[in-house]
Amino acid sequence: MEKENLPPVSFAVLDKVLDLARANSLWPVTFGLACCAIEMMSAAMARFDIDRFGAGVFRPSPRQADLMIVSGTVTKKMAPVLVTLYDQMPSPKWVIAMGNCAISGGPFVFEGQYNLIEGVDKLVPVDVYVPGCPPRPEGLLEGFLKLEEKITGKRRFPGPVERW
Ligand code: SF4
C-alpha cells in the first residue's frame, strides 16, 4: 500500500486508550507527611486493598510515579522538598490533597501561625481534594475514583449520590 493511501492514525482514540491505562495503573510516590499518612497506608493494606484500582505500587522514586498523595501537614520547611519531588515526576501527573491539613492547613491554622503552608495547592496543582481529619481509607478510595473519572471522563462505579 502506498504511504498516501494509509488510513490516518486517530490520536484521539490512542489518547483515550492511554488515559484508560493510566487511570487504572496509577503509581503513587511513597510520601507521607503526618497522621493522614497512616490512613493512606491502611488503604494499601488487605482490608481496603487499593490494588483493586491498580494503584498499589507505591514507588520509592518520584521519577517512577505519576501520582502524589499529599497526606498531612505541609510545613514551610518541607515545601521546597515537596515541590522538588513534584517537579521530578514525569508528566502526565496528578496530585491528591488528602486531609484538611493538606487542603487548607486544617486544625493548625490560627492567627500568627508562622510554620504552615495553608493548602498544598499554593505549591502544586491539586486534582482531587479528600476532606477529613483524617479521612478514612474509604475516603481516599473515593478520591481515586474521582481521579479516574477526571482522567477518563467516566466513573468506574456509581457514586454515593447516584446510588441512594
Ligand atoms: S488533617 Fe488531621 S489527621 Fe490529617 S495530618 Fe492534619 S491533623 Fe493529622
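The values are calculated or read from the model by the stated rules, or taken from the named source; none is laboratory data. The shown structure was predicted, so the numbers you read here are calculated from the model rather than taken from an experiment. Note: ideal-geometry Cβ built from the backbone for every residue, glycine included; neighbour counts use all protein chains shown. Ligands, DNA and RNA are stripped out before the accessible areas are found, and what is left, the full protein with its side chains, is counted by its heavy atoms. Shrake-Rupley method; radii C 1.70, N 1.55, O 1.52, S 1.80 Å.
Quick rundown of the values:
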| quantity | calculated |
| --- | --- |
| Selection count where residues are under 13 Å from the mean Cα position of the chain (by Cα) and either within 16 Å of the ligand (Cβ to nearest atom) or part of a helix (DSSP H, G or I) (or both), scope the stretch 17-36 | 4 |
| Contacts under 7 angstrom Cβ, first residue in the stretch 114-129 being under 17 Å from T84 (Cβ atoms) and touching a residue at least 12 places away in the same chain (Cβ under 8 Å), partner in a loop (DSSP other than H, G, I, E, B) and open to solvent by 70 Å² or more (accessible area, probe 1.4 Å), 6 or more apart | I117/K76 |
| The one condition in (1) part of a loop (DSSP other than H, G, I, E, B); (2) open to solvent by 70 Å² or more (accessible area, probe 1.4 Å); (3) within 16 Å of the ligand (Cβ to nearest atom) that S91 fails to fulfil | (3) |
| Options L140, L67; residue that is touching a residue at least 12 places away in the same chain (Cβ under 8 Å), under 17 Å from C36 (Cα atoms) and within 14 Å of the ligand (Cβ to nearest atom) | L140 |
| Residues (under 21 Å from S25 (Cα atoms), in a loop (DSSP other than H, G, I, E, B) and acidic (D, E)) located in the stretch 101-151 | D127 |
| Members of the stretch 94-117 found to be open to solvent by less than 70 Å² (accessible area, probe 1.4 Å) and within 12 Å of the ligand (Cβ to nearest atom), listed by number | A97, M98, G99, N100, C101, A102, I103, S104, G105, G106, V109, L116 |
